[in-house]
Amino acid sequence: MKKQEIQKKNLSKPRYHMADNISGWGFIGVAVAVFVIFTLYPVISAVITSFQEYKPFGSEFVGFENYITALGNDLFWKSIKNTLVYTVVVIPLSLILSFSIAIMIVPFTKSVQSVFKGIYYLPGIASGVAISVVWLWLYDASPNGIFNRVLALFGATSQNWLSSSKTAMLSLIIMALLSSHGANIIIYIAALHGIDNTYYEAAEMDGAKFFQKIRYIVLPMCRPTTLFLLVTGVIGSFQVFMNAYMMTGGGPDNNTTMIGLLIFNNAFTYGKYGLACAQAILLAIVIAALTTLQFKLMGEDIEY
Amino acid sequence: MKVKKVLASVLSVAMISSLVACGNAATETQTAGSETQQAETKTEEAKAEETAAASDVTDTITIMVPPITGDYVDLLGGWISEFNKEYPNITIDVISTSWDDHTEKLTTMALAGEAPDIAEVSYAAIGSYVENGTAIDISKYIDPERLADYDQNALDYMTLEGTLYGLPLYITIQALGGNREMLEAAGADVTKIQTSGWTYDQFLDVIKNGTTSDRFGFVFANAGATTQDFINIFGVAAGITSSFTQDLKYSYTSDNMLSLLEAVETMTSSGYMPNYAVEAGQRLVMLQTGQTMLTGKAMPLFENNIKRNIEKMQAKDPEAVEGTIEMEYVFLPVPTMDNATASVFGTVDGMIALRNNNTTDEHLQNVLKFMDFLCSGERAATVDNAVYLTGVCESARKAQESFELDQSDENAAAVAYAISKVVAPPTGISAEQSANAKTMMDETIVPKFQALLAGETTAKDVYDAICTEAYKLFGEENCASGWIK
């Protein structure tokens, strides 16, 4: 009897496996389908289009012509330079700001922390367009503009914030720095909570001061988080579009034309889909190279 | 055994049936000759039935329109009902857009192969749709008698390389508008200017006198893409009436352009005009609140807008623009520089037919029926009345006869003078030239112009940059040089 029961159990096992497999495949299938439809297909389609002179009723294959045009276009390189300047200034400053705010929030009780998290995350849930409109109002170049009124209080002359090449990029950077830290702060707070108290206790026993604890405990322990935020920040910054689109339109004299805006203009304003796709592929290559570089420089001695 | 029996019965029935059928066929063949007449009669009847069926076939037309008049979409609903009385099987779907996103939305849909069947466009945008293969030659699908209703000069605006792509809906003239009291105080003989124009030097004197510590003499909407409006509208001051000369050379490389840019440099550096970009809506508010004496782009219909706003202000309606002052709006032509011929910028907007994945010849015939319905008669007259201008087709002008505009005699005279000075663009501009001119405007002129406004570059540098890019795009031999008349 016992032998028969064991045989029965063994026979029924594959059935359980089969059921597990079906539900597993089902769950993976949904994710795979979403990935194929919304990521893989558009990417493949963009690669194909980048070799075409796109027309809705009969595109022509043009080989590498779009890539040659993109690489030979001064505006393409100018937009890469603008994006780099924006990224190099915004991302490190943004990380320092987020990290500092997270450090200041962590000592509070959980409920107070939640209030601060909510306050800092609030701009993240607001419409980017609505935020841009508010900033347009702040940067109004007439003497009635909010920032110009503040300058007038100190006897300074009105500034042409968004229309002057001296201040347009600075204005976008200030806007980026003051608008969106919520997600970074929450991630840093989570990382800070993950540091074991025994490190601090040991440091205190050794007489470590606040900044020493930050330097020797917090910064190294938060390094994986910093790398993650740096990589995602750089990727996001290279894709920045709305700030320039809404605030300056890329002007004056294309001094705030970011690569994302250039691609958008080529695709949706001038209808040059082939060129826009070629530029998007080149942008993807630049982002991939930068990400690899960041992992090489910072990621080698990080344990996850 | 039973199966065999059933099978045998079925086969027998089948055999008998086929024999009967053969017999009938033979009889029919024998009598075919005598029935030829009957057959012809039957064919005619079938044709008639088919035609009836075709008119019963349902069709759906999509139209994309911005608010051409404030209530255009509401009016369109009524006109569709009217159209459906005659064509009950044609359904009209309306895609309503704002002026801000209309072109972008239309371009995106057209490139995706999902363009609306009909779209409102300015004549200058037609080239882009011809270039990407979505614009349709409408002359094949419209009754020539109906086409004769439209003014030929208006149809010319909708024509590219000899092909008609749409029907004109209205012509607008765009120039300057100002506050009469302030202009007269600044030394302008307003009535004379309205009927016989003025020189650039006179204009410069007036805006100089009209500039105070809290008021600009002149403000033009020139933020971002509206820079194009400044070049088009104020460009006529330097004698530039189109992107191309009559001999189809690119005109922004001429000395006229340099003079235009130098005028901007003078006006901004002297503080007569703001040295920052002014949004389209902002310039009218500045006029209504007395922050500027003169503004552009201005149209005759602003007289109505300003009157209504003053009425709201007097009635203490919170919708009135804050700080509104009492004023009399005057419509003025753009001044004329030395060696240039007085002219005024005019543009024609109309409806074009676009190709999408569902386009067929039968469908296009229906599309043109509806397009013609919208661009003629009372529908067009309603639009023309709203922009305070005369219609561009006979049926619209007839419908306008019963309508009286709430317009001052002086402004009416200014409009008449302005219309007489509109120069139509040259015919024969190719789709490629048109698309290249758009690229030049968007990628070079607009960005450089913004830097000029801010005083960060000189007129000469901007002009040189325009010439360099234009020579690359069109070839130097296809660009105008020297002063064009």
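The values are calculated or read from the model by the stated rules, or taken from the named source; none is laboratory data. Fair warning: this is a prediction, and the values are worked out from it, not measured in the lab. Using ideal geometry, Cβ is built from the backbone for each residue, glycine included, and neighbour counts are taken over all protein chains shown.
Okay, here's what the table says:
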{"read-out": "Any hit, the range B:69-84, residues being touching a residue at least 24 places away in the same chain (Cβ under 8 Å), in contact with a Ser or Thr (Cβ under 9 Å, 6 or more places away or on another chain), over 21 Å from residue B:434 (Cα atoms) and surrounded by fewer than 16 Cβ atoms within 10 Å (Cβ to Cβ)", "value": "no"}
{"read-out": "Selection from the range A:180-211 of residues that are exposed (fewer than 11 other Cβ atoms within 10 Å of the Cβ) and assigned to a loop (DSSP other than H, G, I, E, B)", "value": "A:196, A:206, A:207, A:209"}
{"read-out": "Selection within the range A:161-191 - in contact (Cβ under 8 Å) with a residue 40 or more places away in the chain and within 14 Å of chain B (Cβ to nearest Cβ)", "value": "A:162, A:163, A:164, A:165, A:168, A:169, A:171"}
{"read-out": "Selected residue [over 18 Å from residue A:90 (Cα atoms), part of a loop (DSSP other than H, G, I, E, B) and in contact with a helix residue (DSSP H, G or I) (Cβ under 6 Å, 6 or more places away or on another chain)] from A:274, A:249", "value": "A:249"}
{"read-out": "Which listed residue is of a type outside the set (Lys, Arg), in contact (Cβ under 8 Å) with a residue 60 or more places away in the chain and on the phi < 0 side of the Ramachandran plot, from B:395, B:420", "value": "B:395"}
{"read-out": "Positions within the range B:201-219 being within 14 Å of another protein chain (Cβ to nearest Cβ), of a type outside the set (A, V, I, L, M) and in contact (Cβ under 8 Å) with a residue 40 or more places away in the chain, in sequence order", "value": "B:214, B:215, B:216"}
{"read-out": "Hits in the range B:276-297 (condition: surrounded by fewer than 21 Cβ atoms within 10 Å (Cβ to Cβ), touching a residue at least 40 places away in the same chain (Cβ under 8 Å), outside any helix (DSSP H, G or I) and within 12 Å of chain A (Cβ to nearest Cβ))", "value": "B:279, B:291"}
{"read-out": "Identity of the residue in the range B:472-485, at pLDDT 90 or above and part of a loop (DSSP other than H, G, I, E, B), that ends up nearest to the other protein chains (Cβ to nearest Cβ)", "value": "B:475"}
{"read-out": "Selection within the range A:113-127 - of a type in the set (A, V, I, L, M, F, W, C) and exposed (fewer than 15 other Cβ atoms within 10 Å of the Cβ)", "value": "A:115, A:119, A:122, A:125, A:126"}
{"read-out": "Qualifying residue in the range B:455-471 (condition: in contact with a strand residue (DSSP E or B) (Cβ under 9 Å, 6 or more places away or on another chain), in a helix (DSSP H, G or I) and surrounded by 17 or more Cβ atoms within 10 Å (Cβ to Cβ))", "value": "yes"}
{"read-out": "Where residue B:130 falls short, out of the listed (1) within 14 Å of another protein chain (Cβ to nearest Cβ); (2) surrounded by fewer than 18 Cβ atoms within 10 Å (Cβ to Cβ)", "value": "(2)"}
{"read-out": "Residue match in the range A:95-107 (condition: in contact with a helix residue (DSSP H, G or I) (Cβ under 6 Å, 6 or more places away or on another chain) and over 19 Å from residue A:180 (Cβ atoms))", "value": "yes"}
{"read-out": "Hits in the range B:305-324 (condition: buried (at least 17 other Cβ atoms within 10 Å of the Cβ) and either at positive phi or in contact with a Phe, Trp or Tyr (Cβ under 8 Å, 6 or more places away or on another chain) (or both))", "value": "B:306"}
{"read-out": "Residues (of a type outside the set (S, T, N, Q) and farther than 10 Å from residue B:129 by Cβ) located in the range B:100-110", "value": "B:100, B:101, B:102, B:104, B:105, B:109"}
{"read-out": "Single match in A:262, A:227, A:219 (criterion: in a helix (DSSP H, G or I), under 18 Å from residue A:188 (Cα atoms) and in contact with a helix residue (DSSP H, G or I) (Cβ under 6 Å, 6 or more places away or on another chain))", "value": "A:227"}
{"read-out": "Among the candidates B:446, B:462, residue that is modelled with pLDDT of 95 or more and of a type outside the set (D, E, K, R)", "value": "B:462"}
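Per-residue answers, yes or no, for (1) exposed (fewer than 14 other Cβ atoms within 10 Å of the Cβ); (2) modelled with pLDDT under 95; (3) more than 14 Å from chain A (Cβ to nearest Cβ); (4) under 21 Å from residue B:358 (Cβ atoms):
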residue	(1), (2), (3), (4)
B:61	no, no, yes, yes
B:66	no, yes, yes, no
B:94	no, no, yes, yes
B:105	no, yes, no, yes
B:113	no, yes, no, yes
B:118	no, no, yes, yes
B:123	no, yes, yes, no
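Per-residue answers, yes or no, for (1) under 18 Å from residue B:453 (Cα atoms); (2) out of contact with any Asp or Glu (no Cβ under 8 Å at 6 or more places or on another chain); (3) of a type in the set (A, V, I, L, M, F, W, C):
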{"site": "B:183", "(1), (2), (3)": "no, yes, yes"}
{"site": "B:187", "(1), (2), (3)": "no, no, no"}
{"site": "B:206", "(1), (2), (3)": "no, yes, yes"}
{"site": "B:211", "(1), (2), (3)": "yes, yes, no"}
{"site": "B:230", "(1), (2), (3)": "yes, yes, yes"}
{"site": "B:257", "(1), (2), (3)": "yes, yes, yes"}
{"site": "B:260", "(1), (2), (3)": "yes, yes, yes"}
{"site": "B:263", "(1), (2), (3)": "yes, yes, yes"}
